[in-house]
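These notes concern the structure reproduced below.
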Amino acid sequence: MALQNGSSEYHINLPKIKFTQLFIDGQFVHAVSGKTFETIDPRNGEVIAKIAEGDKDDIDLAVKAARHAFDNGPWPRFPPSERRRMMLKFADLIDQNMEELAALDSLDAGKLYSFGKLVEIPNAAEKLRYYAGAADKIHGSTLKMSGQLHGYTLREPIGVVGLIIPWNFPSQMFTMKVGPALAAGCTMVVKPAEQTPLSALFLAHLAKLAGIPDGVLNVVTGYGHSAGAAISSHMDIDKVSFTGSTEVGRLVMQAAAASNLKPVTLELGGKSPFIIFDDVDVDKVADLALRAITYNKGEICVAGTRVFVQEGIYDAFVVKLLEKVESWVVGDPFDPNVHQGPQVDEKQYNKILSYIEIGKKEGATLLTGGKPAANKGYYIEPTIFADVTDDMTIAKEEIFGPVMSLMKFKSVEEAIKRGNATKYGLAAGVMTNDLNIANTVSRSIRAGIVWINCYFAFSDTLPYGGYKMSGFGRDMGMESLESYLQTKSVAMPIHNSPWL
Ligand code: NAD
């Protein structure tokens, strides 16, 4: 297929949609209700495919399969090396299918195809490898007890887990949660976002090819209020890991508490400060600041949305930033020359445009952008507001789009105070060459991750999650694996039992 975009012509092979049904107990099946929903191409608003609409009945079937696989199946009982072997095979299959997976996420979510193929899909595979390597290093300890006893701890899989994921990084979120759950020996029901079901179903098919036994990994596509809610309130799910909005996170926690008190991990929204001090290379930092708000069209929870610039370089910074925006290309995500694709769907597109209107009404100065970037599809120009005050809506609420709020500050203390003036606490950026400032600010900002002279520096080894209303618990790193395990203490006499 040939598409025209600005001056560049490029060729893509849009993927054939192979999987549209629920994946339960190793089989692709229709929803019990027989219902389907449409998944939409954000480049043009057209229907890509009709997908099975799972609801409570389907979640019940998936949980039954996962429970059977956990209670009676081989997965938790395998030698860990066997789990590792299958997970590594799963990762290799992702690599072998990276073009198709990247294309599915571009089609469903408007993500950049080249970046997906080169970075995000290989990264999704790496997450499985990281946890595969940990599968045989899960162990407890031996403990002294008083008297004639000693004890030891067993680290056991927590059981059947529900994994509810959002639409902004469909493949990476999938393996970020599935990886540690598999390594721990859990079985699971994954609920991808209704906007992006395609790659999750493809990944389920790859898991089967890798030999992961039926019932271990189930995928139920459908809406949050039905399928998602059925997971968080389920009496036979032992843990829920949720990534999404703070509002829905609250509902998930309430449902978990009102049902079987299952533990929850919540990765929620953010409103991250990106703080720039006078001593930086303005050109380089302007580039990074623009990327911090436009990467994945701003649809990333750690986007550097509140950009605080110290007064000495403020004017020079604005000039550089606007120069960079000039050459920023918004367009078809399959075009390798494009920097920013369409927002995920019409709802998100309208939400972002309405925040831009609110910004204007509340008195912020629109420096650039602020409009749709095409006649069809959900494209929005990179948008920069100046003269933003801390109490404006655009400085407080998560927009989840390419909208930057610029603010000027004088001192380190002011930067810390204003950086922390948010209900969220997911991430922060600190740009300075002064070690004292870097250390002071990074220790004072209340956020789960602080990037010094870099941004979006992720690693599978680095735990990732929020302070305050950005949630609790961590994805990635060994901390995530821990949350899929529970500790059993075993006590016994060293010699003859005093009680026998
Ligand atoms: P969302 O909360 O609307 O949906 C997330 C998932 O929850 C989807 O699968 C959805 O179907 C499901 N869901 C919706 N209602 C539900 C309910 N009542 N019960 C159970 N599940 C339900 O979020 P979204 O719009 O898909 O994603 C954007 C949000 O996710 C943003 O707020 C963003 O900051 C956040 N996010 C956070 C992180 C992080 O790591 N902290 C990462 C990515 C996205």
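Computed from the coordinates by the stated procedures, all read-outs in this text should not be read as laboratory data. It should be emphasised that the depicted structure is a prediction, and the values quoted were computed from it without experimental measurement. Please note: Cβ atoms are built from the backbone with ideal geometry, for glycine as well, and neighbour counts cover all protein chains shown.
Take the Cβ atoms of GLU46 and ASN350, set R0 to 25 Å, and the FRET efficiency comes out at 0.90.
Identify the residues of region 304-319 with backbone N under 13 Å of a label point that sits 7 angstrom from the Cα of ASN436 along the Cα-to-Cβ direction, or state none. Within reach of a label on ASN436: no residues. DSSP assigns beta bridges within the chain; of those with both partners inside it, close to 50 percent run antiparallel.
Can you work out the FRET efficiency for the pair ASN420 and ASP387, with r the C-beta to C-beta distance and R0 = 30 Å, to the nearest 0.05? Efficiency for this residue pair is about 0.90.
Averaging Cα coordinates gives a centre for region 397-416 and one for region 448-488; these two points are 23 Å apart.
Amide H contacts under 5 Å for LYS35: GLU53, restricted to partners 5 or more places along the chain or on a different chain, H placed in the peptide plane at 1.01 Å from N. Label positions at GLN96 and LEU118, each projected 7 Å from the Cα along the C-beta direction, are separated by 2.6 nm. Backbone amide hydrogens, once placed in the peptide plane, bring MET188 within less than 5 Å of VAL161, LEU217, ASN218, excluding anything fewer than 5 places away on its chain.
As a proxy for reagent exposure, VAL307, VAL329 were ordered by neighbouring Cβ count within 10 angstrom, fewest first; the result is VAL329, VAL307.
What is the gain in length, in nm to one decimal, between THR461 and GLU323 on full extension, counting 0.36 nm per residue of separation less the C-alpha to C-alpha distance?
Stretched fully, the THR461-GLU323 segment lengthens by 46.1 nm.
Shape verdict for the chain, please, from the Cα gyration tensor: rounded (a/c under 1.5), prolate (a/b greater than b/c) or oblate. Oblate shape, in that a/c is at least 1.5 and b/c is the bigger or equal ratio.
With the cut-off at under 16 Å, measuring from each backbone N in region 417-449 to a point 7 Å along the Cα-to-Cβ line of GLU311 picks out 418. Dipole check for the chain: with +1 at the C-beta of Lys and Arg, -1 at the C-beta of Asp and Glu, and the Cα centre as origin, the magnitude is about 1300 Debye.
Need one word for region 411-466: rounded, prolate or oblate. Basis is the Cα gyration tensor (sqrt eigenvalues a ≥ b ≥ c); a/c below 1.5 gives rounded, then a/b vs b/c decides. Note, shape of region 411-466 comes out oblate. Extending 7 Å from the Cα toward the beta-carbon at both LYS371 and ASN453 defines two label points whose distance is 4.1 nm. Under a 5 Å amide H cut-off, with hydrogens placed 1.01 Å from N, LEU367 pairs with ILE384, PHE385, ALA386 among residues at least 5 apart or on other chains.
Residue-wise HN-Hα couplings along region 172-178, as the Karplus relation 6.51 cos²θ - 1.76 cosθ + 1.60 with θ = phi - 60° gives them from phi, are 5, 4, 4, 6, 4, 9, 5 Hz; Gly and Pro carry x.
For a 30 Å ceiling on Cα separation, which of these pairs sit above it: LYS16/LYS284; LYS127/LYS408; LYS347/LYS396?
LYS16/LYS284; LYS127/LYS408
Phi-derived couplings, Karplus 6.51 cos²θ - 1.76 cosθ + 1.60 at θ = phi - 60°, listed residue by residue for region 192-201: x, 5, 4, 6, 9, x, 5, 5, 4, 5 Hz, with x used for Gly and Pro. Estimated from the Cβ-Cβ distance and a Förster radius of 22 angstrom, the FRET efficiency linking SER81 and LEU261 is about 0.05.
Taking 0.36 nm per residue of separation and subtracting the current Cα-Cα distance, fully stretching the chain between ARG291 and ASP278 would add 2.7 nm. Taking other C-beta atoms within 10 Å as the exposure proxy, ARG77, ARG43 rank ARG77, ARG43 from fewest upward.
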